[in-house]
1. Between ASP160 and ARG23, 0.36 nm times their residue separation minus their Cα-Cα distance comes to what?
2. Please work out how much length the chain gains when fully extended from LYS78 to ASP97, using 0.36 nm per residue of separation minus the C-alpha to C-alpha distance, in nm with one decimal.
3. In debye, nearest 20: dipole of the chain around its Cα centre with unit charges on the Cβ of K, R (+) and D, E (-)?
4. Would you mind checking LYS18/LYS175; LYS18/LYS215; LYS147/LYS215; LYS175/LYS215 for any pair whose Cα atoms are more than 23 angstrom apart?
5. Label-point separation (nm) for ASP53 and ASN168, each offset 7 Å from Cα along Cα-to-Cβ?
6. Given a Förster radius of 25 Å and the C-beta distance between GLN104 and GLU206 as r, what FRET efficiency does 1/(1 + (r/R0)^6) yield to the nearest 0.05?
7. Helix-only mean residue ellipticity at 222 nm, the chain, DSSP H runs n ≥ 4 weighted -39,500 (n - 2.57), per residue, nearest 500. What is it?
8. With springs only between Cα atoms under 10 Å, which of PRO130, PRO110, PRO156 fluctuates most in a Gaussian network model of the chain?
Amino acid sequence: MPSLIPVIAIDGPAASGKGTLARRLARHFDFAYLDTGALYRAVGLQVMRTGGDTENQQDAVKAAQQLADLDLTDPELKSESTGGLASKVATIQAVRDILLKFQQNFAQNPPGDKGGAILDGRDIGTIICPDADVKIFITASVETRAKRRFIEEFGPAGNDEDYTAILNELTTRDKRDMNRASSPLKAAENAHLLDTTNSDIETVFEQALQLISDKITTASLP
Ligand code: DC
């Protein structure tokens, strides 16, 4: 059954381009957008800044309970090292339970009176919004993703060592995100798979637009 408020779920591994795609789609449809990775990043960073251990349940839960007070626009959230902290707190089920409510509330009541919601992450199509109107699983080879993240973080100043460090961090993060017991990264059964290894964002955007436009027009019919 299509929901009254259209919900688009976009999942995929680190640096797959899901954020760029989701933001563009949200602008296009004038939907509310939630980068759910930022929630885990903010929790991971808070644990680190308060001298806690990201693998300790008590420390991570304490930080997750402060979510409403955490700054989701802190530039430090974007770094690959913060991504690593996020990936660690994300293995703790009690943390996921706290963040689940926030995410589902966003999808059901998109802020700003928007007519729909787009969420990107790892478990949106499988756990957070299993009834999403459209589910997209976006991926790319780990080398392609590392190259993109490397350019984003280091620009022209980056060297081979920086690239290798990013490649290793992403490989570790992929493994942790895919193999954890709680809500591991995987495509929902009815997700549309988009591989961006050899396609640019424009092509991927057009493909996603088509998928969503088809579905939302149908869903809006009485
Ligand atoms: O999408 P991202 O790279 O900003 O996510 C950072 C980490 O947060 C990711 O490695 C795993 C975790 N995460 C998650 O477990 N579930 C989500 N829905 C989003 C992110």
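1. 46.3 nm is the gain from fully extending ASP160 to ARG23.
2. On the way: separation 19, 0.36 × 19 = 6.84 nm, distance 2.32 nm.
Result: 4.5 nm gained on full extension.
3. Values: 24 positive and 32 negative charges, 80 e Å.
With Lys and Arg at +1 and Asp and Glu at -1, about 380 debye.
4. Values: LYS18/LYS175 18 Å; LYS18/LYS215 19 Å; LYS147/LYS215 33 Å; LYS175/LYS215 33 Å.
Flagged as over cut-off: LYS147/LYS215; LYS175/LYS215.
5. Output for this residue pair reads 2.3 nm.
6. On the way: r = 30 Å, r/R0 = 1.19.
The pair GLN104/GLU206 has a calculated efficiency of 0.25.
7. Details: 8 runs with 114 residues, N = 222.
After summing the helix terms and dividing by residue count, I get -16500 deg cm²/dmol.
8. Largest GNM mean-square fluctuation: PRO156.
The values are calculated or read from the model by the stated rules, or taken from the named source; none is laboratory data. Remember, predicted model here, so these are calculated numbers, not experimental data. All Cβ positions, even for glycine, are placed from backbone atoms using ideal geometry, and neighbour counts span all protein chains on display. All accessible areas refer to the heavy atoms of the entire protein, side chains included, with ligands and DNA or RNA removed. Shrake-Rupley method; radii C 1.70, N 1.55, O 1.52, S 1.80 Å.
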